[in-house]
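This report concerns only the one structure given below.
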Amino acid sequence: MPGRWALANHSGLVAEAKAGTAIDVLATRIPTFVKQVESKAHRRLSDPDQEATFTTVASGEYTALPAYFGEMVSISKGVGNLEQVSGQVFSGYPAVTGDPRRFVIVNNSIAFAPHNTTTPITMIYRRNVPALTEAAPTNWLLNRAPDVYFYGTLAGACPFDLDDAPAVKARGSFERAVGGIVV
């Protein structure tokens, strides 16, 4: 399917979705439908392309998580994994520096206990699908499965169409496309 459409980037996706939408007024809503596809992908996909590695040395109380951080797969300081704790438990730890043993994620940041100042910390995390825009015209999901974006975008437009047949077809095609990459 990837070679079937001109879906190499955001502009190509928007053009193809406009061509596949029966109601002209919906063309201005296509970016909203694209965001809906990304939102569904965050919840449903579990793909090896979503895993990434990030190494950091924390400085200060909190360290920003990498862009598009979704969820932690594992985190270590080289030997042994760190334990994730709740914010309530973490708040009871003293503010000392040392070799980290625990961590908490709060407001898109990570904090370690004891505070880390020199130990490299390596995270393997599941990243969310980076948003497609004119400024960021492609991402790993569009490269790997353009049909997920295409059919998902059309399925978003379908509730506005008075004919149920295209809606059923678009939703079914979207479900098959997503099912083809869920591992």
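Values for this structure:
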read-out	value
Among (1) open to solvent by 30 Å² or more (accessible area, probe 1.4 Å); (2) assigned to a helix (DSSP H, G or I), the one test that Pro94 misses	(2)
Residue check for Ala131: touching an Asp or Glu at 6+ places or on another chain (Cβ under 8 Å), aliphatic (A, V, I, L, M) and under 12 Å from Thr56 (Cα atoms)	no
Pairs with Cβ under 6 Å, 6+ apart, first in segment 110-137 and within 19 Å of Asn9 (Cβ to Cβ), second polar (S, T, N, Q) and open to solvent by 50 Å² or more (accessible area, probe 1.4 Å)	Pro137/Asn9
Filtered residue count, segment 104-139, keeping only those that are in contact with a helix residue (DSSP H, G or I) (Cβ under 8 Å, 6 or more places away or on another chain) and open to solvent by less than 30 Å² (accessible area, probe 1.4 Å)	6
Positions within segment 97-109 being in contact (Cβ under 8 Å) with a residue 40 or more places away in the chain and part of a strand (DSSP E or B), in sequence order	Ile105, Val106, Ser109
Given (1) of a type in the set (S, T, N, Q); (2) in contact with a Phe, Trp or Tyr (Cβ under 8 Å, 6 or more places away or on another chain); (3) modelled with pLDDT under 90, index of the condition Thr97 fails	(2)
Unique match (being in contact (Cβ under 8 Å) with a residue 60 or more places away in the chain and within 16 Å of Thr119 (Cα to Cα)) among Thr56, Thr63	Thr56
Sole residue being polar (S, T, N, Q), more than 15 Å from Ile124 (Cβ to Cβ) and touching a residue at least 12 places away in the same chain (Cβ under 8 Å), chosen from Ser46, Ser86, Ser76	Ser86
Filter pass, Val85 being touching a helix residue (DSSP H, G or I) at 6+ places or on another chain (Cβ under 6 Å) and open to solvent by less than 30 Å² (accessible area, probe 1.4 Å)	no
Criterion violated by Ala167 - all others in (1) modelled with pLDDT of 80 or more; (2) under 30 Å from Ala27 (Cβ atoms) satisfied	(1)
Verdict on Pro31 being more than 30 Å from Ala155 (Cα to Cα) and surrounded by 14 or more Cβ atoms within 10 Å (Cβ to Cβ)	no
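The values are calculated or read from the model by the stated rules, or taken from the named source; none is laboratory data. Please read all numbers here as calculations on a predicted model, not as lab measurements. FYI the Cβ positions are ideal-geometry reconstructions off the backbone, even for glycines, and counts take in every protein chain you see. Ligands, DNA and RNA are stripped out before the accessible areas are found, and what is left, the full protein with its side chains, is counted by its heavy atoms. Shrake-Rupley method; radii C 1.70, N 1.55, O 1.52, S 1.80 Å.
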